[in-house]
Structure formats: C-alpha cells, structure tokens
1. Under 21 Å Cα-Cα from Lys83, which lysines qualify once same-chain neighbours fewer than 8 residues away are excluded?
2. Local charge sum around Gln6 (other residues, Cβ-Cβ under 12 Å, Lys/Arg +1, Asp/Glu -1)?
Amino acid sequence: MQVTVQEMKNYLLIDGDHQDSVIEGLIEASEAELHGSGVREMVEGDKLYPLYKLAVKILVSRYFEDRGQAESNNVKLDYIISKLAMNRGDSDETVQ
C-alpha cells in the first residue's frame, strides 16, 4: 500500500483505531481501481507519485463517506486517473 492507514486517518480526520480494518480495505480497493483503470503502481521517487497518492486518498474518502449511497460524478478524480493512466512508463519516469 502506498498510502498508510495513519495517513488516511489523518486525511479523513479520524481518531481511534476502530475503523482501521475498513480503511485498510478501502485503500487496497482504491489501488486496485487505479490499476484496473490503467494506472501503474507508483512508488516514492516517481514524478507523479504525489498525484497517485492523492488519487488513492480521494477514492478512499469517497468510498468511506458515501457508503451505501449512489455513485456521484467526480470529474476531478476522473481527470487525475486519466492523467496517471496515460503515464505508463517505468523507470524513465522516476525522479533520481
């Protein structure tokens, strides 16, 4: 996982540990959604790594806050995923 549970709890403004397993599962699902959308997994040092982490955080936040509700359109997230998916390069996209 590129986003830790603690990072996600800070982003969601959650205290305590009672939601940790839910958040961990949502992080994994978010990374899987990005992968399924054509986005390669990025690691620290990739030029677009901060954008990748933001996309994961936005997805987790949407999944967490909208549980049980109808899907809402998120144009900004769709743009971020498209941008990340277009950059499928490997080591040549890594910041040295």
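No value in this document is a laboratory result; all are computed from the given coordinates. If you're wondering where the values come from, they're calculated on a predicted model, not measured in any experiment. As a convention, Cβ positions derive from the backbone with ideal geometry for all residues, glycine included, and neighbour counts pool all protein chains shown.
1. By straight Cα distance, Lys83 reaches Lys47, Lys53, Lys57.
2. Taking every other residue near Gln6 into account, the sum is -4.
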